[in-house]
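This report refers to the structure that appears directly beneath it.
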Amino acid sequence: MPALKAVAASGVKRKRDPAKAERREAKSKKRQKSPSSEHGDDVQAEILQLEAQILESRRHYNNIATLLQLSKKSEDDAPVLAAVALCRVFSRLLAAGDMVRSKGMGEAEATVVAWLKERYREFLDTLLQSFLRCDNPAKQSVALTLLMRLVKEESKATKDYNLKNGPLSRLIEALLLLPAHDPNREEFAEKYFVQFDDVRFHTFKTIKNLLGTDLNDSERQLAASNSLSLLLSLDTVPQSKDDIKHYHTESQSKSSRPTLQVYKVQAQEAWLATMRAGLDKEQRKAILTTFSYQIAPWFQQPEMLMDFLTDSYDVGGATSLLALSGLYYLISEKNLDYPSFYLKLYSLLDEGLLHSKHRSRFFRLLDTFMSSTHLPAALVASFIKRLSRLALHGPPAGVVIVVPWVYNMFKRHPACTFMMHREVRDPALKEKLEKEGMDDPFDMSELDPMETNAIESSVWELEALQSHYHPNVATLAKIISEQFTKRSYNLEDFLDHSYTALLDTELDRDLKKDPEVEFEIPKRIFTAEEGLNPIGQLLQQVIEAR
Amino acid sequence: MPPSQLKRLKASLRDQGITGPQKSKKEKKSQNKNASHHTQKASALASIRESFNPFEFKHLSRPQKFEYATTNAKPKVLGRPGVTKSAGEETRRKTLLPEMNRKNKTGGILDRRIGENDPTMSLEDRMMARFEREQQRKRGGNVFDLEDGDEEVELTHGGQTLRFDDEIGEEDYDAASVSGSDHEGEDGFLKKKRRRDDGEEGDAEVENEEQPERKKSKAEVMKEVIAKSKLHKYERQQAKEDDEELREELDKDLNDVLAALRGHINKKPEPEKVREVAQNDFGMNADRAALLATMSQEGKDKEYDRRVRELFNDERSKPTERTKTAEEKAKEEADRLKELEEKRQKRMRGEPISDDEEPSKKQQDEDDDENMSDINDDAAEFGLAAPPAPGQSRPVGVDDEDDFILEDDLVATDSEADISDEESESGAEVDDTMAMDDDDADFLKDVVEQPKAQPKAVKGVLTIGADTSSSRLAYTYPCPRSHEELLEVFKTVDLKDTSTVVQRIRALYHAGLKEDNKHKLADFACALLDHVSYLSNQTPAAPLAVIESVIRHIHSISRSYPVQIATQFRKHLKAFQLSNQPTPGDLALLTAIGSIYPTSDHFHQVVTPAVTLMARWMGLTTPSSANDIATGAFVGALCLQYQTLSKRYIPEFIRYTSLCLRSPHATKPLLSAHTRNILTAADLWSGSPAFIEIFTPLLAPLKSAHQTSTTQNLLARVNNAKLTRRPQALHHHRPLPIPSRIPKFEESFDPTKHYDADRERSDATKLQKEYKRERKGAMRELRKDANFIAREKLREKKEKDAAYEAKYKRLVAEIQGEEGYEKNVYEREKRKRKGN
């Protein structure tokens, strides 16, 4: 029996060994099959071998230098592989504590440590300089991942680790100086910056430092726009200490964990530095769009942004519309006093307003600003009249906002209701009206809403809109001439309409009823007795102009 | 104020005759002798004593101050505590006591008689319940069998079953003959009466009478009935078979008859036999005779009535409609047009059409529901629901629900066209086929030319003569069901002949000819629609006259297939919405929509999206080339054409036109097209209250484009509008009533009632009160039960004790007696001895 067992055991052994060999072969075969050339395959094998040797014993530390050499080559595959291998090697060394000089070390040992450190620095340089700045996105991405990995390893290995000394700040600096729309920065933002609080904290610091140093103009511009895009990718602001809990590094010491206060201060500094570096119009808009919920909460003293906002508000156009929300934030939260606010607000009601894509945002705020019942009736009347005038030439979506808003205004300010119902009782005046008719007393070009005489005018425009071509809009406009029994319309329901929405609601549903068909078949559509009729001619024109 | 206690006592004593004027000794004596008088007196006294017991009745705590007569006056005696107490005691003794006695005991005899232990049942109830149970048990298990029950419940008299059936006569007769009772006279009369009714049957019964006199059981009677009905059935079958035979014989002779008709007679038919058979049924046909024979009198009458009604309702019995004179026709036509116009007006105003108020009401309901479900969304009320939830709301006042009711001669009936051989009918049918209308005469002449000339073409017999204009064309084509197929068909056809070919296909595949043709024609129309777009998109484009004729064909077909064609149109619109680049094809389709559908409707499933699309294009694009400007001119003109009747305002038109006027690409003819549009628009919207504001923005661009005459014209119109402008007065409404805040007073307020408007709350309080009352009552009952039990126990104990005491005493007495006896004996003995 024992003999049998032995045979069986040996059998198993025998079986295992060939299996392993086969697997290896299979692996190598696979590699051969992979698109890389045979030469690449050799390099890979070589790198793996070198790495294995380093891990085997310290005698082969010189291989590190070889790998470094390899990584600096400009060949396609080898540098990446070498870099990955080196990263693994250094992580092991860091974890094993081989790179720390301790007291009881001999001379030789110390030399080795110093040498290793030197190589490590060299490796980092390679990653930062040649990898990150090359044109190959894959390589850049590898460099980013490796560097972040090394940062983590370092933090694990060393007690009281300070990110400032590590490769992170250099990495961020490098990222900031990369050209605009670089995918790596987005990757960094997505994977690390948004996720880990310590990385974020350190990034704030680095941004501030970098923009504080002397840079030439183009670099400064680049860094500023890049930092802006980084900062804008943050969409949540920590509310309390409990929100700061995701860390990339694994250090036990408390010193590297920022308090909320410090954290916010750093963020504020970073934002200020970015803003000071100069912004173009688009960037300004981008900041203003997200201002009240992404940026202002970071600031310990939002008052510092007052000038920025008032300047933006004075720019005019869409920028002003956007600045309005930030300004409102400051006015309501921080007691900002903005002189002649309504004058400015009135000036925002221009031709483009109802066509603007920020329309709903503006009306939301306008509704807030005009919600007070203590506003002078003349001012409210000016707003009503001006908006009605704009609605007359606006798209249906704009009309749909203006009409309920006007209704609410009339309801809130009964003094303005004369605008829709005014009976002339003075006989002399009546006679004059009969004879001469009347002109609109409203002055569209007047800038001061108190002086426009709108309260003397009437909203003929809204009446005209009652015969709007779109049935829903026309029906809605009719609420102005019906009895005001409803308390108010919820403006929010009317804000987000568009041509597309109007069309989709109709065209996407099935026909429920048979559509009407004109009972009379016209004898002519395009043609006339001789040749074409006007419509036909126009169509002919179009066809020919093509 | 009631009299005092003493007075009342005296009064009642006097009433009872206990006190009274003094009686003579004689009277007294005679009274005293009578023992019953004594007892009477005693009982009277007892009742008086009882009635004067202040605890026997519960009175009001304080007597009422005033006497008043109201309907719901409170009774003077509120309750009789003594009576209730004793009643309670009694019930307890009946229910609780046995329970108490049975407590902790097993076994014993249970009285299971129905209702025996139920004090709520009266003796009669008990008896009734027992009787029911007995009956049920007799019936044997099946409680739900109603039929059985009828049979089983037998009424008896003197232990004999009462009978009301046919055999009552004989029964009674038997009884009479046997007993010779005095009921005989009456029974005899009954029997006579029955005899008169039954006629023959009576005879049979007379025969039966001769059989041994024996009471027939129910089963036997039933058997007889069954046998009788079987016999009838058999007879009927027999008759039927005879008829069959006869018919077969006749059929056999049919050949001979036919031969005779053809002229060579082989054999004579046998009329005698037929007559013989017919004689039996008085010359009726066999079926009818059989019918009459089998049916009961009532059935016959019913059948007769039914047939008469049928005849009455028969179409043929109506007089045909008189042919109308020319004036009448013209008047009718005018009326029809007027009605159609009225309907159009209504739709334009967005009112629901009175013909179908129901759908609109339903819609209202739907709207209501909707409002209930999402009250918060104000926008949804106006059909401006957010796009993610499409189709849930209809715009208010939009009357797309209404049905445009066309008269028969207008509607292209896709129902079965009558394919008869009569020439006169086929003419009318052609009308139907082509959806012809009298005022479209000339259109139809060229559209329906062929079928009208050769009416047989419609009937599928293709004998169409060669037409001079299109002699090269084939007469039959496959019906194209998609645009690809259509292109295949039209590949060989000259553009000019498109109309003729379409016409022929329509005639060939008329819906009345085949079931399937409906779908074919609908698909064909959709393909034609695609073809319109295709034709205009081609380079060089097809002549507009051809497109026009195709559009008119589509118009004609769309009367029969409105849904399919509208859906196809909407598909094209959707495509245009996605591209937002109007091709000539799109423009041609938009024009087609304008001519096919009523553009003045407040809402229309095809027109509204089409206008919105055009407006969107004009609102969102800027003219960047001459082509754009030309397209703009066309779209603008088309939009204005859409609004010819309804005169609706299109803001985007103003925007795009002014942009075009300013555009550097604008050429002179394009500019003039635009200015023409502006003047048309000014005409259309001259009634608009905001005319000045609408057209003022156009003045500057017009001036800069050097269109002086138009500028002058427009300026004059604007100034004119200023003259007619008045301050706005939109709210000539009846003033809203101020809501009343006066508290509501209750007439005839009753403080004991609750006037809670909130029904739920009042119900809840009611329930709570009831609960409290019940709880109190239950507690009181339990307390009384406990008292009763304690009392009973005490009584038992006392009894026991008393028994024990008695026994003890008896024993002691016995012993003492014995002892005394013994003592006596002893004494005696002692004395004896002493004495001795």
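The values are calculated or read from the model by the stated rules, or taken from the named source; none is laboratory data. Nothing here was measured: the structure is a model prediction, and the numbers come from that model. All Cβ positions, glycine included, derive from the backbone under ideal geometry; neighbour counts span all protein chains shown.
At a glance:
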{"quantity": "Enumeration of residues in segment B:651-665 that are away from chain A (no Cβ under 12 Å) and more than 27 Å from A:Glu461 (Cα to Cα)", "calculated": "B:Ser663, B:Pro664"}
{"quantity": "Residue match in segment B:729-752 (condition: over 29 Å from A:Pro396 (Cβ atoms) and part of a helix (DSSP H, G or I))", "calculated": "no"}
{"quantity": "Test for B:Thr765: is it surrounded by 10 or more Cβ atoms within 10 Å (Cβ to Cβ), more than 14 Å from chain A (Cβ to nearest Cβ) and polar (S, T, N, Q)", "calculated": "yes"}
{"quantity": "The lone exception for A:Leu495 - which of (1) modelled with pLDDT under 85; (2) more than 7 Å from chain B (Cβ to nearest Cβ) it fails", "calculated": "(1)"}
{"quantity": "Counted residues, segment A:440-468 - those being within 13 Å of another protein chain (Cβ to nearest Cβ), under 14 Å from A:Ile384 (Cα atoms) and polar (S, T, N, Q)", "calculated": "2"}
{"quantity": "Cross-chain or 6+ apart pairs with Cβ under 8 Å, segment B:229-257 first and more than 13 Å from B:Thr294 (Cα to Cα), then surrounded by 10 or more Cβ atoms within 10 Å (Cβ to Cβ) and small (Gly, Ala, Ser)", "calculated": "B:Asp243/B:Ala286; B:Asp243/B:Ala290; B:Leu246/B:Ala286; B:Arg247/B:Ala286"}
{"quantity": "Identity of the residue in segment B:568-588, in contact with a Leu (Cβ under 6 Å, 6 or more places away or on another chain) and more than 21 Å from B:Gly632 (Cα to Cα), that ends up farthest from the other protein chains (Cβ to nearest Cβ)", "calculated": "B:Gln568"}
{"quantity": "B:Ile554 farther than 17 Å from B:Leu638 by Cα and either within 8 Å of another protein chain (Cβ to nearest Cβ) or touching a helix residue (DSSP H, G or I) at 6+ places or on another chain (Cβ under 7 Å) (or both)", "calculated": "yes"}
{"quantity": "Near pairs, Cβ below 7 angstrom, 6+ apart or cross-chain, from segment A:352-377 (within 20 Å of A:Ala286 (Cα to Cα)) to any residue that is surrounded by fewer than 18 Cβ atoms within 10 Å (Cβ to Cβ)", "calculated": "A:Ser360/A:Asp496"}
{"quantity": "Residues located in segment A:424-437, provided they are touching a Leu at 6+ places or on another chain (Cβ under 9 Å) and either assigned to a loop (DSSP other than H, G, I, E, B) or buried (at least 21 other Cβ atoms within 10 Å of the Cβ) (or both)", "calculated": "A:Val424, A:Gly437"}
{"quantity": "Residue within segment A:405-423 that is modelled with pLDDT under 90, closer than 18 Å to A:Glu456 by Cα, more than 9 Å from chain B (Cβ to nearest Cβ) and surrounded by fewer than 22 Cβ atoms within 10 Å (Cβ to Cβ) present", "calculated": "no"}
{"quantity": "Answer from A:Leu279, A:Leu336, A:Leu321 - the residue that is assigned to a helix (DSSP H, G or I), touching a residue at least 12 places away in the same chain (Cβ under 8 Å) and more than 30 Å from A:Glu154 (Cβ to Cβ)", "calculated": "A:Leu321"}
{"quantity": "Among residues of segment B:715-737, those that are more than 12 Å from chain A (Cβ to nearest Cβ) and either surrounded by 13 or more Cβ atoms within 10 Å (Cβ to Cβ) or at pLDDT below 85 (or both), counted", "calculated": "2"}
{"quantity": "Selected residue (criterion: modelled with the lowest pLDDT) from residues of segment A:355-390 that are aliphatic (A, V, I, L, M) and touching a Leu at 6+ places or on another chain (Cβ under 8 Å)", "calculated": "A:Leu365"}
{"quantity": "Residue check for B:Ser709: more than 20 Å from A:Gln540 (Cα to Cα), of a type in the set (Ser, Thr, Tyr) and buried (at least 21 other Cβ atoms within 10 Å of the Cβ)", "calculated": "no"}
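Condition check ((1) free of Cβ contacts under 8 Å to residues at least 40 places away in the same chain; (2) not aromatic (Phe, Trp, Tyr)) across all residues:
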site: B:His572; (1), (2): no, yes
site: B:Gln577; (1), (2): yes, yes
site: B:Asp586; (1), (2): no, yes
site: B:Tyr597; (1), (2): yes, no
site: B:Asp601; (1), (2): no, yes
site: B:Val611; (1), (2): yes, yes
site: B:Met614; (1), (2): yes, yes
site: B:Thr621; (1), (2): no, yes
